[in-house]
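Below you'll find the structure, written out as structure tokens, and then a few comments.
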Amino acid sequence: MSNVVKVGIIGCGGIANGKHLPSLSKLGTVELVAFCDIVVEKAHEAAKQYGVAGAKVYEDYTELLKDGSIDVIHVCTPNDSHAEISIAALESGKHVMCEKPMAKTAADARRMVEVAKRTGKKLTVGYNNRFRPDSLYLKQVASNGDLGDIYFAKAHAIRRRAVPTWGVFLDEEKQGGGPLIDIGTHALDLTLWVMDNYEPKAVLGTTFHKLSQKENAANAWGSWDPKKFTVEDSAFGMITMKNGATIILESSWALNTLDVKEAKCTLSGTEGGADMEDGLRLNGEKHSRLYKNQIELGTKGVDFYDGKQESMQDTELRLWIDAVINDTQPIVTPEQACVVSEILEAIYESAKTGKAIYFE
């Protein structure tokens, strides 16, 4: 692989412009050479702002994939097209970063894993919360065994009133669900990753449409249209793992609560515990006394200098491109992301049937 990676972007909407394009454009190892969107004006705008001289613009992603000079594709489209586009890109000989969640359905996620294995191309999923300083530190703590056997955890994705009202977020057909598949997926991925436990046994879940039908509701992005709110407003799950560990997953876009936290986890192990309530806190017992430690994660050394700290998005995309160049495994593997999709789908299925869903 050359030290310069040629990247094509499929889907030039909010997530591409808010995350992928700004972070990729900072890397001297990347050339943004192709842009595609079904609203072709968006592709032209992105190419003008971020593309190299002569960058190509497409309305049909299949035409973009015919360009054999492109090394990597970033899929930044609604959930229902993640699998279709990612698989086509892998089949065309390109490495793929797909935005979260991996796919709308678990079956599609499994197909993506199979195609990546068969083609030998790298596939990763955009779980950027793994790359926060608190997440990276907690992963190191857990991997070192400082928490012991982590047997209970909570995955938090709770908003009080922050329903995304733009795009297709409220469209169940396009997205596959609401807060559970949108932000719950981040919290679950983070929790499983820190625990290093990807073997679910059973899932029991509930979903609610309690606040979605309120007119003129208070909301961070303006009131929503109840007629268009076809996904859940909150969802909850209890996941038991094959080794006996239990995870509680909570997610909401709208919930009457003041206990708001998103993309965070709480862990309880035999040797200690951790939470992300106030930065990162570790707790436990030492010398017959209980302790609580606040971890300092900033880089500030003196009063007039705050230090420099790479954003989680910049870290995520830098390490992804490094994996492509150096032919190493990406931090987020497709197998891990697939388990997240399987658990999310099981929570939805349990909510519909009123029964626990068991994994083979």
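Structure notes:
- Rounded to 10°, Cα long-axis angle of helix 106-119 versus longest principal axis of the chain: 60 degrees
- On a per residue basis, the convex hull of the C-alpha atoms belonging to the range 314-360 measures out at 80 Å³.
- Global geometry of the range 1-117, whether rounded, prolate or oblate, following the gyration tensor of its Cα atoms and the 1.5 cut on a/c: prolate
- Distance between the range 44-58 and the range 265-287 - C-alpha centres, whole angstrom: 47 Å
- Per residue, the accessible area of the chain comes to 47 Å², computed with a 1.4 Å probe over protein heavy atoms only.
- Cα pair count fraction exceeding 16 Å, expressed as % - the range 1-59: 34 percent
- The range 128-196 versus the range 226-251: alpha-carbon centroid distance in Å: 11 Å
- Spin-label zone in the range 168-197 - amide nitrogen under 15 Å from a point set 7 Å from the Cα of T230 along the C-beta vector: 168-178
- Using the Stokes-Einstein relation with a Kirkwood hydrodynamic radius computed over Cα pairs, the translational diffusion coefficient of the range 192-231 at 10 °C and a viscosity of 1.306 mPa s comes to 118 µm²/s.
- Cα-based helix-to-principal-axis angle, 312-326 vs the chain, degrees rounded to 10: 60 degrees
- For the range 28-177, Kirkwood radius (reciprocal of mean inverse C-alpha pair distance, Å): 17.9 Å
- Across all directions, the shadow cast by the convex hull of the range 189-269 built on its C-alpha atoms averages 6.4 square nanometres.
- Remark on the range 139-186: hydrodynamic radius 13.4 angstrom, per the Kirkwood mean of 1/r across alpha carbon pairs.
- Fully extended contour minus Cα-Cα distance, from E173 to K117, at 0.36 nm per residue: 17.3 nm
- Summarised in one figure, the compactness ratio Rg/Rh of the range 100-216, Cα atoms and Kirkwood Rh, is 1.00.
- Global size of the range 188-332: 20.1, 59 Å for Rg and Dmax (C-alpha atoms, Rg to one decimal, Dmax whole).
- P(r) of the range 27-69 over all Cα-Cα pairs, binned every 5 Å from zero, in whole percent: 5, 26, 29, 24, 12, 3
- Inter-label distance for A53 and E277, nm, one decimal - labels placed 7 Å from Cα along Cα-to-Cβ: 5.8 nm
- Out-of-range pairs (alpha-carbon distance over 29 Å; input K264/K292; K117/K139; K121/K355; K48/K227; K100/K352): K121/K355; K48/K227
- For the chain, the spread of Cα positions along the three principal axes, ordered from largest to smallest, is 66, 51, 48 Å.
- By average C-beta atoms within 10 angstrom, highest first, the peptides 287-298, 32-43, 79-90, 158-169: 79-90, 32-43, 158-169, 287-298
- Cross-link table K19/K56; K214/K261; K26/K261; K104/K228, entries beyond 27 Å C-alpha to C-alpha: K26/K261
- Carbon and sulfur %, accessible surface of the range 1-110 computed with the full protein complex present, 1.4 Å: 51 percent
- Label point distance in nm, E45-N3, each placed 7 Å from Cα along Cα→Cβ: 3.6 nm
- With every protein chain in place, the range 182-324: carbon and sulfur % of accessible area (1.4 Å): 48 percent
The values are calculated or read from the model by the stated rules, or taken from the named source; none is laboratory data. Keep in mind it's a predicted model, so treat the numbers as computed, not measured. Every residue, glycine among them, receives a Cβ derived from its backbone with ideal geometry; neighbour counts consider all protein chains shown. When the accessible area is computed, the model is the full protein with side chains, heavy atoms only, and any ligands, DNA or RNA have been set aside. Shrake-Rupley method; radii C 1.70, N 1.55, O 1.52, S 1.80 Å.
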